[in-house]
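Below: the structure, in structure tokens.
The values are calculated or read from the model by the stated rules, or taken from the named source; none is laboratory data. What you see is a predicted model, and the numbers here were worked out from it, not measured in a lab. Here the Cβ is made from the backbone with ideal geometry for all residues, glycine too, and neighbour counts use every protein chain on show.
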Amino acid sequence: MQVVVSDESEGKGRVNIDGKDVEVQRVGKLDTSRDKLGNRFTERWTGDGLSLEIDYQVTFTCDGYHGDGDCEIVSYRATIHAKKGDRKQTVKVKGDCGC
């Protein structure tokens, strides 16, 4: 099972499972206070018989960044636990959010 996740905001996203895009919905409310360096948090997503649990750790924020002042990036290290039917897979990933 190949897993690729894209959060498109508003709690909706897409996951690519074995080459097929699956629409998913975040379960629960997004905690916007989570993005502090070192914080850990978990999100749950579901859709079309698929369940995802994503365990995040914040690895970079712009707090204390001495660049040009326009930094709005948060970086994460995460572990995705995917389950669909009898199939399970765990994938370690890194990613960024911001502009």
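Some points to look at:
- Residue within the stretch 20-36 that is closer than 12 Å to His81 by Cα, surrounded by 15 or more Cβ atoms within 10 Å (Cβ to Cβ), aliphatic (A, V, I, L, M) and at pLDDT 90 or above present: no
- Scanning the stretch 20-49 for residues that are more than 14 Å from Glu10 (Cβ to Cβ) and in a loop (DSSP other than H, G, I, E, B) returns Asp31, Asp35, Lys36, Leu37, Gly38, Asn39, Asp48, Gly49.
- Scanning the stretch 3-19 for residues that are polar (S, T, N, Q), at pLDDT below 70 and surrounded by 12 or more Cβ atoms within 10 Å (Cβ to Cβ) turns up just one, Ser6.
- The number of residues in the stretch 71-99 that are farther than 20 Å from Asp48 by Cα, part of a strand (DSSP E or B) and charged (D, E, K, R) comes to 4.
- If the condition is being over 12 Å from the mean Cα position of the chain (by Cα) and surrounded by 14 or more Cβ atoms within 10 Å (Cβ to Cβ), then the stretch 83-93 contributes Lys83, Lys84.
- Filtered by the rule that a residue be among the aliphatic types (A, V, I, L, M) and modelled with pLDDT under 90, the stretch 42-73 gives a lone residue, Ile73.
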